[in-house]
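Student: Structure incoming, see below.
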Number of protein chains: 2
Amino acid sequence: MEQRFRANLINSLSGFKSANIIGTANAKGDTNLCIVSSVFHVGANPPLMGMLMRPHTVVRDTLKNIKDNGEYTINHVPITHFKNAHQTSARYPSETSEFDACGFSVEKSEILSAPYVAESTIKIGLKLQQVSLIELNNTELVIGEVVEISLAEQLITNDGYVDIEKAKSACVSGLDSYHRTTRMDRLGYAAPERPVYSTLSSLDSLN
Amino acid sequence: MEQRFRANLINSLSGFKSANIIGTANAKGDTNLCIVSSVFHVGANPPLMGMLMRPHTVVRDTLKNIKDNGEYTINHVPITHFKNAHQTSARYPSETSEFDACGFSVEKSEILSAPYVAESTIKIGLKLQQVSLIELNNTELVIGEVVEISLAEQLITNDGYVDIEKAKSACVSGLDSYHRTTRMDRLGYAAPERPVYSTLSSLDSLN
């Protein structure tokens, strides 16, 4: 199978993926952005998020900054900015900030040196917990702990769920297909002797 | 933070997630299904897919079968069956097949003993490659190699991308919110001196 064909095919198979922009800075304070579709939930307690990165690719600056500083931000790609976000995957020189090159603005964290993307409606600050090598294909699994969350309170429902569709978060399929979403339903905790039921009507925003 | 509130909150933060049903069988041939939102792309060459599982939870039968047999299937949740798929998360007794309990039909693989979900439009057969413990929170990272793919040829575009939206694959946010998608665009390979461009018009189905 031709390499690009195979990459497109296999990348599509896992299903829909998250669309996030990783924000980092080096020791001099130079900022860097890179879109990734590999962020995933690891656990809620402690609050952990993971992502897979292939060294020596376009994420090289991002990965170096994370390892050097131990800090990074995860910013949801808003559907209003998916083209800008895609452009952060271009191989800019290390000294070019993708904030300027791709049309994003820095928002400062209160506790981290890594920059947030102001245009993102859901921003997460993390401290690096571990980097481990997946030897099967020489990718690195980066796991961080959530230390700061920045989002509008009205996006949080009274059971803690964050309405990321209301936040206009995009999703990705394959390497380069961007999608918006339409909620079908939220469903209650499943039990063997109970039919599936909707919980949507019982859920309100926190304010 | 209250435990369920925290679980909903942190599970929402990573962004949209894939919706897949894992199909397995034990040595006696008893079948098992379990919906997961933790499947992610690991690499295209070799073709690897990962998923995170917490032992001693509802996935216990699935995880045991995978470890015992070294085989499993990943089946996209179709938007037509998201309620049936959600119901597979109920704690049925080990001897109950979720195929029967939740309204799904078995489709046999040509090379694996693990069952496919007939109602799924994208079905992937895998052989286990490794299970590794993430000590930070005692979850297990399960990585398998794709050995069989079953989907309609008209879902594959001429560059290898599988149109999982056309396949009616669902996506998930948080623990229990189900969404369908609307494609905004597919974008070409990004380069510093080139504006973002759409590739949609140049892409056709393979047949």
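Student: Any residue that is part of a loop (DSSP other than H, G, I, E, B) and either farther than 22 Å from A:Phe104 by Cα or aromatic (Phe, Trp, Tyr) (or both) - is there at least one of those in the range A:38-50?
Tutor: Within the range A:38-50, one or more residues are part of a loop (DSSP other than H, G, I, E, B) and either farther than 22 Å from A:Phe104 by Cα or aromatic (Phe, Trp, Tyr) (or both).
Student: Output the number of the condition that B:Ser198 fails; it satisfies all remaining conditions of (1) open to solvent by less than 50 Å² (accessible area, probe 1.4 Å); (2) modelled with pLDDT of 95 or more; (3) more than 24 Å from the chain's Cα centre (by Cα); (4) more than 8 Å from chain A (Cβ to nearest Cβ).
Tutor: So B:Ser198 meets the others, but not (1).
Student: Kindly indicate whether any position in the range A:174-191 is open to solvent by 20 Å² or more (accessible area, probe 1.4 Å), over 30 Å from A:Ala7 (Cβ atoms), of a type outside the set (D, E, K, R) and not in a strand (DSSP E or B).
Tutor: Yes, the range A:174-191 contains a residue that is open to solvent by 20 Å² or more (accessible area, probe 1.4 Å), over 30 Å from A:Ala7 (Cβ atoms), of a type outside the set (D, E, K, R) and not in a strand (DSSP E or B).
Residues checked against (1) within 8 Å of chain A (Cβ to nearest Cβ); (2) in contact (Cβ under 8 Å) with a residue 60 or more places away in the chain; (3) among the β-branched types (Val, Ile, Thr):
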residue	(1), (2), (3)
B:Cys102	no, yes, no
B:Glu119	no, no, no
B:Gln129	yes, yes, no
B:Ile149	yes, no, yes
B:Ile156	yes, no, yes
B:Glu165	yes, no, no
B:Cys171	yes, yes, no
B:Thr182	yes, no, yes
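Student: Still on this model: Consider B:Pro55 carefully, then state whether it is within 15 Å of B:Glu145 (Cα to Cα) and touching a residue at least 40 places away in the same chain (Cβ under 8 Å).
Tutor: Values: within 15 Å of B:Glu145 (Cα to Cα): no; touching a residue at least 40 places away in the same chain (Cβ under 8 Å): yes.
It is false that B:Pro55 is within 15 Å of B:Glu145 (Cα to Cα) and touching a residue at least 40 places away in the same chain (Cβ under 8 Å).
Student: Of all residues in the range A:159-207, count the ones that are more than 28 Å from B:Cys102 (Cα to Cα) and among the acidic types (Asp, Glu).
Tutor: The qualifying residues number 2.
Student: Right, next: Hey, could you check the range A:7-37 for residues that are crowded, with 23+ Cβ neighbours inside 10 Å and among the hydroxyl-bearing types (Ser, Thr, Tyr) and say which is nearest to B:Ile10 (Cα to Cα)?
Tutor: Restricting to residues being crowded, with 23+ Cβ neighbours inside 10 Å and among the hydroxyl-bearing types (Ser, Thr, Tyr), the top hit is A:Ser18.
Student: I've got another one for you. Of all the residues that make up the range B:31-67, how many are under 16 Å from the mean Cα position of the chain (by Cα), within 14 Å of B:Ala90 (Cβ to Cβ) and not hydrophobic (A, V, I, L, M, F, W, C)?
Tutor: 2
Student: Only residues that are part of a strand (DSSP E or B) and either over 10 Å from the mean Cα position of the chain (by Cα) or within 19 Å of B:Lys123 (Cα to Cα) (or both): list them for the range A:1-22, please.
Tutor: Result: A:Lys17, single match.
Student: If you don't mind, there's one more thing I want to ask. Do we find that B:Asn20 is within 11 Å of another protein chain (Cβ to nearest Cβ), in contact with an Asp or Glu (Cβ under 8 Å, 6 or more places away or on another chain) and under 18 Å from B:Leu175 (Cβ atoms) in this structure?
Tutor: So B:Asn20 fails the test.
The values are calculated or read from the model by the stated rules, or taken from the named source; none is laboratory data. As the structure is a computational prediction, the values presented were derived from the model and not from experiment. Using ideal geometry, Cβ is built from the backbone for each residue, glycine included, and neighbour counts are taken over all protein chains shown. Surface areas here come from the heavy atoms of the whole protein model, side chains and all, with no ligands, DNA or RNA. Shrake-Rupley method; radii C 1.70, N 1.55, O 1.52, S 1.80 Å.
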